[in-house]
Amino acid sequence: MPEYLPDNETDDSDEPPSKSARKRHMHSLQDMGETLVNLNDKQLARIPIDDDRLLAAIRECRAMRSNNARKRHLQFIGKLMRTIDPAPIEQALLALHSSHQQSNAAFHELEQLRAAILAAGSAGVELAMTRFPGADRQHLRQLVLQHEREIQQQKPPAASRKLFAYLRELQASQGEPD
């Protein structure tokens with residue numbers, strides 16, 4: 001396992017890393033362990049953890065409610081992480097994080113499209129048709145008109161929610177990220 005070296009040190013020196021550098025490395029491993037604890041089961045299954053003891057410790061830590069016990073267990077997880085190569089885990093966490101960011105960006109983009117469609121009224125249907133050529137024009141028009149009626153009658157925005165759900169369905173059918 002490569003040792004953590006601060007920016008001002010190089011591999012050429014025969015000196016071991018300073019105590020501060022070792023502590024920073026241990027804290028970073030402990031932070032990575034805490035990130036693993038906070039993942040759900042589906043996300044954790046995507047992380048390549050070969051050490052069964054580490055996996056068991058992560059699952060045990062999730063059940064702990066006492067802050068002191070949890071803190072000690074996170075330190076134990078950090079200690080276990082020092083015995084393995086953390087690079088594959090770190091890469092998997094970065095990939096998971098980037099897919100989460102892409103998903104959020106796609107969600108916000110759909111929210112903006114819905115807002116633009118509803119703001120434009122009947123002409124907003126064309127915005128959706130340019131983005132999703134296979135969309136049902138009549139269904140979109142009905143949702144926009146229903147939204148306008150709800151606004152006039154001061155009712156909850158059910159049509160707005162239905163429009164968003166329909167846009168997500170269209171997005172999923174095109175194979176775009178959620």
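The values are calculated or read from the model by the stated rules, or taken from the named source; none is laboratory data. In this text, all values refer to a predicted model and were calculated from it rather than measured experimentally. Methodologically, a virtual Cβ is constructed for each residue, glycine included, from the backbone with ideal geometry; neighbour enumeration extends over all protein chains shown.
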Every residue in region 121-147 that is farther than 19 Å from residue 173 by Cβ and surrounded by fewer than 14 Cβ atoms within 10 Å (Cβ to Cβ), please. 121, 122, 123, 126
Restricting region 44-59 to residues that are surrounded by 15 or more Cβ atoms within 10 Å (Cβ to Cβ) and assigned to a helix (DSSP H, G or I), the residue that is modelled with the lowest pLDDT: 44
For residues that are touching a helix residue (DSSP H, G or I) at 6+ places or on another chain (Cβ under 9 Å) and charged (D, E, K, R), scanning just region 148-163, find the one that is farthest from residue 174 (Cα to Cα). 155
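For region 95-103, state whether one or more residues are modelled with pLDDT of 90 or more, of a type outside the set (A, V, I, L, M, F, W, C) and either surrounded by 12 or more Cβ atoms within 10 Å (Cβ to Cβ) or more than 21 Å from residue 159 (Cα to Cα) (or both).
Step one: of region 95-103, the residues modelled with pLDDT of 90 or more are none.
Checked against the condition, which is being modelled with pLDDT of 90 or more, of a type outside the set (A, V, I, L, M, F, W, C) and either surrounded by 12 or more Cβ atoms within 10 Å (Cβ to Cβ) or more than 21 Å from residue 159 (Cα to Cα) (or both), region 95-103 yields no hits at all.
Looking at residue 142, is it within 19 Å of residue 35 (Cβ to Cβ) and not assigned by TED's automatic domain parsing to the domain that holds residue 53?
Values: within 19 Å of residue 35 (Cβ to Cβ): no; not assigned by TED's automatic domain parsing to the domain that holds residue 53: yes.
For residue 142, the condition - within 19 Å of residue 35 (Cβ to Cβ) and not assigned by TED's automatic domain parsing to the domain that holds residue 53 - is not met.
What is the residue count in region 129-178 for residues that are hydroxyl-bearing (Ser, Thr, Tyr), more than 30 Å from residue 97 (Cα to Cα) and modelled with pLDDT of 90 or more? Don't jump to the end; show me each part of the working.
Narrowing region 129-178 to residues hydroxyl-bearing (Ser, Thr, Tyr): 130, 160, 166, 173.
Checking the rest, the ones that are also more than 30 Å from residue 97 (Cα to Cα) come to 130.
From the residues that got through so far, the ones that are modelled with pLDDT of 90 or more too are none.
Selection size over region 129-178: 0.
Only one residue in 69, 128 is assigned to a helix (DSSP H, G or I), out of contact with any Leu (no Cβ under 8 Å at 6 or more places or on another chain) and among the small types (Gly, Ala, Ser), so which one is that?
The conditions single out 69.
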Pair list, Cβ < 6 Å and 6+ apart or interchain, from region 126-146 residues that are touching a residue at least 60 places away in the same chain (Cβ under 8 Å) and at negative phi to residues that are of a type in the set (Ser, Thr, Tyr) and surrounded by fewer than 18 Cβ atoms within 10 Å (Cβ to Cβ): none
Going by the structure shown, is residue 63 at negative phi, modelled with pLDDT of 85 or more, of a type in the set (A, V, I, L, M, F, W, C) and under 23 Å from the mean Cα position of the chain (by Cα)? yes
